[in-house]
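Student: One structure, pasted below without further comment.
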Amino acid sequence: MAVFIHDTNIISPLGFSTDDNFQKILSGKSAIEQVFIDDKIGSVYAGKINEDLFNNHFQTINDDFKGSRIVKLLIAALSPIVEKNPLKNDSVLILSTTKGNIAALANNDLNAAFIDQLAKNINSYFGFKTEPIVVSNACTSGVVALSLAKRFIEMEQFTNAYVVAVDELTPFVVSGFQSFQAMSNEPCKPYDADRSGVNLGEAAVAVFVSNENRTESIQILGDANINDANHISGPSRTGEGLFLSIEKALNEAQITSDQIDYISAHGTATLFNDEMEAVAFNRLNLQNVPTNSLKGYFGHTLGASGLLETVITIESLKNNVLIPSFGYQQQGTTQQINIITKKGQKTLKTALKTASGFGGSNSAMILVKNVDHVRN
């Protein structure tokens, strides 16, 4: 059974719709700037949603709602999707996040900090009849959530799924990445020789997935999620988990690596992640495929990143445009990959989205817009 991604929506520092975000990226706008976190941490380079602008936006959705900020972000992301695609009795909500409402711990609200409670709050707000599903698998979570939606629909467990993803920029998250000494003290430069680490960001994203082949829908042609169990935080030096994920996704899609037109990679701008990806892409003969990282535009939005970047990948496919990898100037990996340096038009049919995360998790997804590729 074929599975398709339809309507999408992004809430990020760059805008409050998919089109807003895509147009900002096309214009070369980055959300990364110095953000004050608190008195202990000080300021870091990150992508932060403007509170006043978001509050004004949320008032147009529900000016009476008094819930937490993270719930408002999810409601804002999902509301236009539900309006266009009314819920069915067997519709399912799949939530992707790494930390959920971690800010609740600062207020000693333990119950609100549980991720399952966050999912139930969104489930109840929109009136889903089924139990929500939570995916929290490090920074592959957004892609894994889409994979899960695809597989449930293929198994006819649900006819459609509303996949949402969110993570906030909080002192807890920032301090955690600082402890890894992984934070850059300047805007990040994925794959660049002078890269010095990651910038964090925040976003909420929603997509509608179903078995209906609509005009301009994008098919999920293949997917795979492999854990190489290399290290709690360090990626495999051979790229084994990512290599296997891409290989299995290609096999399911019944295509070869030379049919991939574009790669939206993970690209955190840390020394080891970017190197690992270059190794994996070369092992699969993907080193000449135009490739970018979107982290220079948004920062690393953790559990939201995979879904956020998938949505931008979809827009690239639909508009036949290659987006530069923001911050990249010169090759910084031992094996060469084809990093996009200038915005350009190219006929795009098939894209590969990859993601990697702590604990050895890796994901790959093949997206296609060409109706000739659509399989039942």
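Student: Can you spot a residue in the range 269-279 that is over 25 Å from I32 (Cα atoms) and either open to solvent by less than 30 Å² (accessible area, probe 1.4 Å) or part of a loop (DSSP other than H, G, I, E, B) (or both)?
Tutor: Yes, because at least one residue in the range 269-279 is over 25 Å from I32 (Cα atoms) and either open to solvent by less than 30 Å² (accessible area, probe 1.4 Å) or part of a loop (DSSP other than H, G, I, E, B) (or both).
Student: Let me ask something additional. Please go through the range 98-135 and pick out each residue that is part of a loop (DSSP other than H, G, I, E, B), among the hydrophobic types (A, V, I, L, M, F, W, C) and at pLDDT below 95.
Tutor: The one that is part of a loop (DSSP other than H, G, I, E, B), among the hydrophobic types (A, V, I, L, M, F, W, C) and at pLDDT below 95: F114.
Student: Only residues that are among the small types (G, A, S) and in contact with a Lys or Arg (Cβ under 9 Å, 6 or more places away or on another chain): list them for the range 71-93, please.
Tutor: Hit for the range 71-93 is S91, nothing else.
Student: Now a separate question. For the range 206-251, which residues satisfy the criterion of being within 21 Å of A161 (Cα to Cα), surrounded by fewer than 16 Cβ atoms within 10 Å (Cβ to Cβ) and over 21 Å from the mean Cα position of the chain (by Cα)?
Tutor: Result: E212, N213, R214, T215.
Student: For the subset of the range 74-92 comprising residues that are in a loop (DSSP other than H, G, I, E, B) and open to solvent by 10 Å² or more (accessible area, probe 1.4 Å), which member is nearest to S17 (Cα to Cα)?
Tutor: Applying the filter and picking the extreme gives P86.
Student: Oh, and also: Considering only residues that are at negative phi and in contact with a Leu (Cβ under 9 Å, 6 or more places away or on another chain), look in the range 292-302 and name the one that is surrounded by the fewest Cβ atoms within 10 Å (Cβ to Cβ).
Tutor: Applying the filter and picking the extreme gives L294.
Student: If you don't mind, there's one more thing I want to ask. Between L284, L308, which is crowded, with 24+ Cβ neighbours inside 10 Å, more than 20 Å from K346 (Cβ to Cβ) and of a type in the set (A, V, I, L, M, F, W, C)?
Tutor: None of the others qualify; the one that does is L308.
Student: Evaluate the range 45-59: report whether one residue or more is open to solvent by 40 Å² or more (accessible area, probe 1.4 Å), outside any helix (DSSP H, G or I) and touching a helix residue (DSSP H, G or I) at 6+ places or on another chain (Cβ under 9 Å).
Tutor: For the range 45-59, residues open to solvent by 40 Å² or more (accessible area, probe 1.4 Å), outside any helix (DSSP H, G or I) and touching a helix residue (DSSP H, G or I) at 6+ places or on another chain (Cβ under 9 Å): absent.
Student: A follow-up question, please. Does K342 qualify as being more than 16 Å from the chain's Cα centre (by Cα) and either within 24 Å of N21 (Cβ to Cβ) or among the β-branched types (V, I, T) (or both)?
Tutor: Against the criterion (more than 16 Å from the chain's Cα centre (by Cα) and either within 24 Å of N21 (Cβ to Cβ) or among the β-branched types (V, I, T) (or both)), K342 qualifies.
Each row is one residue, and each column tells you yes or no for (1) touching a residue at least 24 places away in the same chain (Cβ under 8 Å); (2) of a type outside the set (A, V, I, L, M, F, W, C); (3) touching a Phe, Trp or Tyr at 6+ places or on another chain (Cβ under 8 Å).
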position: S12; (1), (2), (3): yes, yes, yes
position: S17; (1), (2), (3): yes, yes, no
position: N21; (1), (2), (3): yes, yes, no
position: H57; (1), (2), (3): yes, yes, yes
position: S68; (1), (2), (3): yes, yes, no
position: L95; (1), (2), (3): yes, no, no
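Student: Tally up the residues in the range 229-256 that are assigned to a loop (DSSP other than H, G, I, E, B), among the hydrophobic types (A, V, I, L, M, F, W, C) and modelled with pLDDT of 80 or more, please.
Tutor: 2
Student: If you don't mind, another one. Just to be sure I understand, how many residues within the range 174-197 are open to solvent by less than 10 Å² (accessible area, probe 1.4 Å) and touching a Lys or Arg at 6+ places or on another chain (Cβ under 7 Å)?
Tutor: Count: 2.
Student: Right, something else. Across the range 252-268, which residue is farthest from T334 (Cα to Cα) among those that are hydrophobic (A, V, I, L, M, F, W, C) and buried (at least 20 other Cβ atoms within 10 Å of the Cβ)?
Tutor: A253
The values are calculated or read from the model by the stated rules, or taken from the named source; none is laboratory data. Remember, it's a predicted structure, so these values are computed and weren't measured experimentally. Glycine also receives a Cβ, built like all others from the backbone with ideal geometry; neighbour counts cover every protein chain displayed. Each accessible area value is taken on the protein alone, full model and side chains, heavy atoms only, with ligands, DNA and RNA left out. Shrake-Rupley method; radii C 1.70, N 1.55, O 1.52, S 1.80 Å.
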